[in-house]
Amino acid sequence: MQRILSGIQPSGVPTLGNYLGAIRNWVALQRDHECLFCVVDLHAITVWQDPATLRSATRELAASFIACGIDPKAQVLFHQSAVPAHVRLGWIFNCVARLGWLNRMTQFKDKAGKDREQVSAGLYVYPNLMAADIHAYHATRVPVGDDQRQHLELANDIGQKFNHDFGVEFFPVIEPLILGPAARVMSLRDGTRKMSKSDPSDQSRINLTDDADTIALKIRRARTDPDALPHEPQGLEGRAEARNLVGIMAALLDQDVAAVLREQGGKGFGAFKEELAALLVEKLGPIAAETRRLLADPGTLDAILRDGAARAAAIADPIVAEAERLVGFLKV
Ligand code: TYM
């Protein structure tokens, strides 16, 4: 069986983008894979996080995973900082990856913006730690949204360079799983920007904790164009906002975009948005309620995370110990 690993940063409330681009696919994949799902708190502190908020966001994200359908008994659900293997392998990868490779990372350029001299060194080496998250478990399949494609290519470059440098076939090739019609959910305010939990405008995203009225209002206000919906996918070309909303509906219905347009083609956005909002409320409402229920019992959540960390460490520790031996660290 192939091993899957994926993670989300506890840097805010998870969004519809995290759900459709990642978590929803994890829930489907867990049926026939051994999976590790990680709340990546080490990654979150590459930008400033208030300590108390980070602690609660870590628990809240773990609760969301379970509320979305991740089974923490069958799969391993844990938070990254509880498993030191990530940092141990991350350091080795800092010494394997080349500066030139990191300089090409578009996400670093986007996040650092004009303030390049002022961002943390952690933000720069972030992709090396992400490679370590995956390779520490010899995971071979990584389900993510489209924005993580370049990071996974780098993770493969790092694994292959390690193998080459030490003359081994130790780290396997990773296959990105970028699935479904909503692998890149865009902002509701600007169809050229991705929906993000760290966008300053709350109107730009649907949070998994939003109530029905908030969802309806955000969808009603979502930017669109004046034309009716087309009958075929080609008619969405050059219409980023329309394409985004149709993609969201398709993902929620488990259909492709063409099937949605066969149904919705010819409608104006008023009617379409009403249907989309109702569908979102139907799908996300139970997730928000279940998240709240789980958060009322933090002791149980903490026990799940503790158990997950122990099971994750049991897999990663021998793999990372072997990587350290290959590098030449004296084991006494
Ligand atoms: P993060 O926390 O930004 O996002 C978590 C997951 O959600 C996906 N995603 C989206 N998918 C579609 N549309 C969107 N608007 C959208 N926004 C986010 C992301 O692609 C991702 O799958 N570097 C990662 C976290 C990470 C990781 C890992 C992932 C750390 N180590 C190891 C996989 C394996 C990140 O920042 O995700």
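Quick rundown of the values:
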| read-out | value |
| --- | --- |
| Answer residue from region 205-215, given it is under 19 Å from Ser64 (Cβ atoms) and in a helix (DSSP H, G or I) and is farthest from the ligand (Cβ to nearest atom) among those | Ala212 |
| Conditions (1) without any contact (Cβ under 8 Å) to a residue 60 or more places away in the chain; (2) under 30 Å from Asp165 (Cα atoms); number of the one not met by Phe272 | (2) |
| Lone qualifier among Ile70, Ile66 - being within 27 Å of Val320 (Cα to Cα), more than 11 Å from the ligand (Cβ to nearest atom) and touching a helix residue (DSSP H, G or I) at 6+ places or on another chain (Cβ under 7 Å) | Ile70 |
| Criterion (modelled with pLDDT of 95 or more and within 10 Å of the ligand (Cβ to nearest atom)) met by exactly one of Leu61, Leu29 | Leu61 |
| Matching helices (runs of 4 or more DSSP H) fully within region 239-332 where at least 2 residues are within 30 Å of Arg55 (Cβ to Cβ) and either modelled with pLDDT under 95 or open to solvent by 60 Å² or more (accessible area, probe 1.4 Å) (or both) | 269-295, 298-327 |
| Qualifying positions in region 32-54 - within 9 Å of the ligand (Cβ to nearest atom) and in contact with a strand residue (DSSP E or B) (Cβ under 8 Å, 6 or more places away or on another chain) | Cys38, Val40, His43 |
| Any hit, region 21-41, residues being closer than 20 Å to Ala313 by Cβ, part of a helix (DSSP H, G or I) and within 16 Å of the chain's Cα centre (by Cα) | yes |
| Any hit, region 166-182, residues being more than 10 Å from the ligand (Cβ to nearest atom), modelled with pLDDT of 95 or more, over 13 Å from the mean Cα position of the chain (by Cα) and not in a loop (DSSP other than H, G, I, E, B) | yes |
| Residues within region 29-55 that are more than 16 Å from Val83 (Cα to Cα), of a type in the set (Gly, Ala, Ser) and in contact with a Pro (Cβ under 9 Å, 6 or more places away or on another chain), tallied | 0 |
| Subset of region 56-79 (residues that are surrounded by fewer than 19 Cβ atoms within 10 Å (Cβ to Cβ) and more than 19 Å from Ala312 (Cβ to Cβ)) | Ser56, Gly69 |
| Odd one out for His231, checked against (1) open to solvent by 80 Å² or more (accessible area, probe 1.4 Å); (2) closer than 30 Å to Glu324 by Cα; (3) assigned to a loop (DSSP other than H, G, I, E, B) | (2) |
| Top-ranked residue of region 126-144 - restricted to ones that are surrounded by fewer than 24 Cβ atoms within 10 Å (Cβ to Cβ) and either among the β-branched types (Val, Ile, Thr) or closer than 18 Å to Gly180 by Cα (or both), ranked as farthest from the ligand (Cβ to nearest atom) | Thr140 |
| Residue match in region 216-228 (condition: polar (S, T, N, Q) and either surrounded by 15 or more Cβ atoms within 10 Å (Cβ to Cβ) or in contact with a His (Cβ under 8 Å, 6 or more places away or on another chain) (or both)) | yes |
| Qualifying residue in region 145-161 (condition: assigned to a loop (DSSP other than H, G, I, E, B) and either of a type in the set (Phe, Trp, Tyr) or surrounded by 21 or more Cβ atoms within 10 Å (Cβ to Cβ) (or both)) | yes |
| Meets criteria (touching a His at 6+ places or on another chain (Cβ under 7 Å) and buried (at least 19 other Cβ atoms within 10 Å of the Cβ)) for Met195 | no |
| Options Lys194, Lys161, Lys218; residue that is basic (Lys, Arg) and away from the ligand (no atom under 16 Å from the Cβ) | Lys161 |
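The values are calculated or read from the model by the stated rules, or taken from the named source; none is laboratory data. Keep in mind it's a predicted model, so treat the numbers as computed, not measured. When we count neighbours, we look across all protein chains shown, and the Cβ atoms used for this are built from the backbone with ideal geometry, even at glycine. Accessible surface is based on the protein model in full, side chains and every heavy atom, while ligands, DNA and RNA are left aside. Shrake-Rupley method; radii C 1.70, N 1.55, O 1.52, S 1.80 Å.
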